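Since the structure comes first, as structure tokens, the remarks are kept for the end.
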Ligand SMILES: Nc1ncnc2c1ncn2[C@@H]1O[C@H](COP(=O)(O)OP(=O)(O)OP(=O)(O)O)[C@@H](O)[C@H]1O
């Protein structure tokens, strides 16, 4: 059953449409990542769902109860939504424990065992309850903000770019702690982010907002393998785009005759290959029978430790340059002569 059901949601600011008829359902216990570039309307959608802003038209149901509809705008405090903002926004004059119980009815605020349970859920020691928020790291503060949002057992948890103020190492650790806590609580959650790796790694499903429209809702694997547009392909990862021709479930391009992820009509296309699908072979290596390989010269290598980005010039007539991503320990040197071959299936977009 859907915990969240959005139908035809529209919003304009000063006559300028920001959300164009959003339809979206989130199933119970699912973490949906709402991904989109800056200005695509993510925050506006989140604010409409939380009730901080009024919709122009459309409807929203939370746990089967309509909270937005014709002449209906249920106030935020009656929507049973837990909200985690960008920066924890904990009350500095209250202890961690008092912050966590803040949203509970007065009669339940004394139930300190609930504080210990929630701290454990977000992976923090129970004795943190007596600390002031300033005595915690940014990541720990975000975990407390999640504990506070979960305290009243909300139907839905909304997280608005909750890791954006954290540095890289803390971000990874906090992401995992938050994802585990949400899963352990069985929470239904919407996580707003413009960070594709965050959306792909945390979301059970990812909904992509683009210029105020939801253009794709899919599992992370499907979104990465079969993004619906070329622009989205480049937004959710690196993409190599090459002209090609589709013939019977395969596509012919400068990198060979490749299998398609999904069938499509014959004709001229742009083929999308992910850089990690391009395998490099040293001069002495041979390909298994029947797998085509192509000569190339290494133009540039950007070594990043665990992997490396490699620009390769194909030794074809067009001297096309493609980018591969290889494990760092296999990183070649600029000027090296290599051969390359493509692994796996590819996606293609019809040419207008
Ligand atoms: N209160 C407002 N009044 C006028 N325009 C607004 C208002 N809030 C948002 N907008 C406009 O709506 C569009 C979408 O903004 P929104 O903040 O929802 O995008 P976003 O995807 O969350 O972006 P970011 O990732 O940068 O936060 C932008 O063009 C923004 O300028």
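The values are calculated or read from the model by the stated rules, or taken from the named source; none is laboratory data. What you see is a predicted model, and the numbers here were worked out from it, not measured in a lab. No Cβ is skipped: glycine too gets one built from the backbone with ideal geometry, and neighbour counts run over all protein chains shown.
Numerical summary
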quantity	calculated
Checklist (1) part of a strand (DSSP E or B); (2) closer than 27 Å to residue 199 by Cβ; (3) over 21 Å from the mean Cα position of the chain (by Cα) applied to residue 32, failing item	(3)
Single residue of segment 251-271 satisfying the filter (within 23 Å of residue 315 (Cα to Cα) and without any contact (Cβ under 8 Å) to a residue 24 or more places away in the chain) that is surrounded by the most Cβ atoms within 10 Å (Cβ to Cβ)	253
Residue within segment 159-176 that is away from the ligand (no atom under 16 Å from the Cβ), outside any loop (DSSP other than H, G, I, E, B), within 23 Å of residue 80 (Cα to Cα) and touching a helix residue (DSSP H, G or I) at 6+ places or on another chain (Cβ under 7 Å) present	no
Residues satisfying the stated conditions in segment 41-54, i.e. surrounded by 22 or more Cβ atoms within 10 Å (Cβ to Cβ) and more than 11 Å from the ligand (Cβ to nearest atom)	49
Qualifying residue in segment 281-300 (condition: under 25 Å from the mean Cα position of the chain (by Cα), in contact (Cβ under 8 Å) with a residue 24 or more places away in the chain and closer than 23 Å to residue 234 by Cβ)	no
Options 25, 59, 38: the member that is without any contact (Cβ under 8 Å) to a residue 24 or more places away in the chain and either surrounded by fewer than 19 Cβ atoms within 10 Å (Cβ to Cβ) or within 16 Å of the ligand (Cβ to nearest atom) (or both)	25
Residues of segment 1-22 classified as within 16 Å of the ligand (Cβ to nearest atom) and part of a strand (DSSP E or B), total	13
Selection within segment 177-229 - assigned to a helix (DSSP H, G or I), within 16 Å of the ligand (Cβ to nearest atom) and without any contact (Cβ under 8 Å) to a residue 60 or more places away in the chain	197
Condition met for residue 251 (out of contact with any helix residue (DSSP H, G or I) (no Cβ under 7 Å at 6 or more places or on another chain) and part of a strand (DSSP E or B))	yes
For residue 87: the one exception among (1) within 20 Å of residue 157 (Cβ to Cβ); (2) more than 16 Å from the ligand (Cβ to nearest atom); (3) touching a helix residue (DSSP H, G or I) at 6+ places or on another chain (Cβ under 8 Å); (4) at pLDDT below 95	(2)
